[in-house]
Amino acid sequence: MAALFGRDLLSLADLTSSELHELLELATQLKSQKLKLQCHQVLGLLFSKASTRTRVSFTVAMYQLGGQVIDLHPNVTQVSRGEPIQDTARVLDRYLDVLAIRTFAQQELEIFANYAKIPVINALTDLEHPCQVLADLLTIQEKFGSLAGLTLTYVGDGNNVANSLMLGCALAGMNVRIAFPSGYAPDAEVVEKARNIANHQTEVILTHDPEAATKGAHVLYTDVWASMGQEAEAGDRFPVFQPYQISQQLLSLADPEAIVLHCLPAHRGEEITNEVIEGSQSKVWDQAENRLHAQKALLASILGAK
Ligand code: CP
């Protein structure tokens, strides 16, 4: 239960395969069972980007565990006035028990974690979105009973979600296929890490062919074509990404039992059609709910709730 006690989660690669499975098991248990923190612990949320799901699910998870949350928007702290990360980290370390950070550069998160002794959680960087993928794997496990041997196909931008999906699927014993337009590949170092984790036991496939990638897949996944901070590029990206839209036609190539996931927020008519996201194979609302259960398990494990 206390496998992650006192640890950071900066990347999904910080977990072993068995730790990942234990977290998913705990998340499943927490849907019906209550755990409480041993003392009144406080989570800080330092988010430099907008968030609905991550902010609210972390907050509710911490309240349900009996803890409290402080929302530290950069604009209401000295961070926006240029206080060095190293100084902010060492000060927050003296007040908080755990800190979740949403920012741009992974390096900023890593500096924070180096200077703060308290556990630091990646609540999304440009490189990774590990908490999202914990909830995704929980949703897939609920549908199929287990994860090993399943195939997940991600169609779209090789962004932070694609990066964390590669790591998460490799850790879970799943095959992963990423179909993306030329010039929008996932991070090369993360691809190598995922292939090392998979160790030739499962596939980590990169392709420009969304139809070939979708054939027989058990999970079809997409995300927005322009992530936060890339809004100015959206106009240039749309024509390039058009062949990578999840439509009913693309979905028909997947396994007949396949589910469709999207981390949300979604842009209907761009990366996914309204018909698919509202269709019977869409599990996006269960997936969004599972952010709460997966992050509650993560906090309980890191803080040693009983
Ligand atoms: N999927 C996700 O991280 O949602 P938010 O940006 O709303 O937190």
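So for the range 65-72 (the condition being touching a Lys or Arg at 6+ places or on another chain (Cβ under 9 Å), more than 26 Å from Asp286 (Cα to Cα), open to solvent by less than 60 Å² (accessible area, probe 1.4 Å) and not basic (Lys, Arg)), does at least one residue qualify? No, there is no match, as no residue in the range 65-72 is touching a Lys or Arg at 6+ places or on another chain (Cβ under 9 Å), more than 26 Å from Asp286 (Cα to Cα), open to solvent by less than 60 Å² (accessible area, probe 1.4 Å) and not basic (Lys, Arg). If the condition is being touching a helix residue (DSSP H, G or I) at 6+ places or on another chain (Cβ under 8 Å), part of a loop (DSSP other than H, G, I, E, B) and over 17 Å from Ala89 (Cα atoms), then the range 39-73 contributes Gln41, Leu65, Gly67. Can you confirm whether the range 223-240 contains a residue that is of a type outside the set (Asp, Glu), within 16 Å of the ligand (Cβ to nearest atom), assigned to a loop (DSSP other than H, G, I, E, B) and free of Cβ contacts under 8 Å to residues at least 40 places away in the same chain? Yes, some residue in the range 223-240 is of a type outside the set (Asp, Glu), within 16 Å of the ligand (Cβ to nearest atom), assigned to a loop (DSSP other than H, G, I, E, B) and free of Cβ contacts under 8 Å to residues at least 40 places away in the same chain. Among residues of the range 258-273 that are closer than 18 Å to Thr214 by Cα, those with a Cβ under 7 angstrom from a residue that is away from the ligand (no atom under 14 Å from the Cβ) and among the hydroxyl-bearing types (Ser, Thr, Tyr), sequence gap 6+ or separate chain, pair up as Val260/Ser282; Thr273/Ser247.
Does Asp187 fit the bill of being more than 16 Å from the ligand (Cβ to nearest atom), among the acidic types (Asp, Glu) and on the phi < 0 side of the Ramachandran plot? In short, yes.
Note on the range 241-255: residues that are in a helix (DSSP H, G or I) and open to solvent by 60 Å² or more (accessible area, probe 1.4 Å) amount to 4.
Taken together, Ser11, Ser57, Ser18, Ser32 contain a single residue that is at pLDDT below 95 and among the hydroxyl-bearing types (Ser, Thr, Tyr), which is Ser32. In the range 43-88, the residue that is farthest from the ligand (Cβ to nearest atom) out of those that are polar (S, T, N, Q) and closer than 22 Å to Lys117 by Cα is Gln86.
Answer with yes or no whether Ala294 is assigned to a helix (DSSP H, G or I), modelled with pLDDT of 95 or more, of a type in the set (Gly, Ala, Ser) and farther than 27 Å from Val69 by Cα. Full working, then the answer.
Values: assigned to a helix (DSSP H, G or I): yes; modelled with pLDDT of 95 or more: yes; of a type in the set (Gly, Ala, Ser): yes; farther than 27 Å from Val69 by Cα: no.
When the stated conditions are applied, Ala294 does not pass them.
Is it fair to say Ser18 is outside any helix (DSSP H, G or I), free of Cβ contacts under 8 Å to residues at least 60 places away in the same chain and open to solvent by 50 Å² or more (accessible area, probe 1.4 Å)?
no
Trp285 fulfils the conditions (1) open to solvent by 70 Å² or more (accessible area, probe 1.4 Å); (2) within 16 Å of the ligand (Cβ to nearest atom); (3) over 17 Å from Leu134 (Cα atoms) except for a single criterion, (3). Taking the condition closer than 30 Å to Gln230 by Cα and open to solvent by less than 10 Å² (accessible area, probe 1.4 Å), does Ala105 pass? No; evaluated as a whole, the condition is false for this residue. The set of residues in the range 212-240 being of a type in the set (Lys, Arg) and open to solvent by less than 40 Å² (accessible area, probe 1.4 Å) consists of Arg237 alone. Scanning the range 89-102 for residues that are among the β-branched types (Val, Ile, Thr) and either within 16 Å of the ligand (Cβ to nearest atom) or assigned to a strand (DSSP E or B) (or both) returns Val98, Ile101.
Quick check on my filter: what residues within the range 39-78 are charged (D, E, K, R) and closer than 15 Å to Gln295 by Cα? Result: Arg53, Arg55.
Contact annotation: residue pairs with Cβ atoms under 6 Å, 6 or more positions apart or on different chains, pairing a residue in the range 75-90 that is in contact (Cβ under 8 Å) with a residue 24 or more places away in the chain with a partner that is part of a loop (DSSP other than H, G, I, E, B), are Ala89/Ala116. Taking the range 263-282 as the range and being open to solvent by 60 Å² or more (accessible area, probe 1.4 Å) and of a type in the set (Gly, Ala, Ser) as the test, only Ser280 passes.
The set of residues from the range 29-50 being of a type in the set (Ser, Thr, Tyr) and surrounded by fewer than 16 Cβ atoms within 10 Å (Cβ to Cβ) comprises just one member, Ser32.
The values are calculated or read from the model by the stated rules, or taken from the named source; none is laboratory data. From a predicted model like this one, the values you see are computed outputs, not experimental measurements. With ideal geometry, Cβ positions are generated from the backbone for all residues, glycine too; neighbour counts draw on all protein chains shown. For the accessible areas, the whole protein counts, side chains as well, though only heavy atoms, and no ligand, DNA or RNA atoms are used. Shrake-Rupley method; radii C 1.70, N 1.55, O 1.52, S 1.80 Å.
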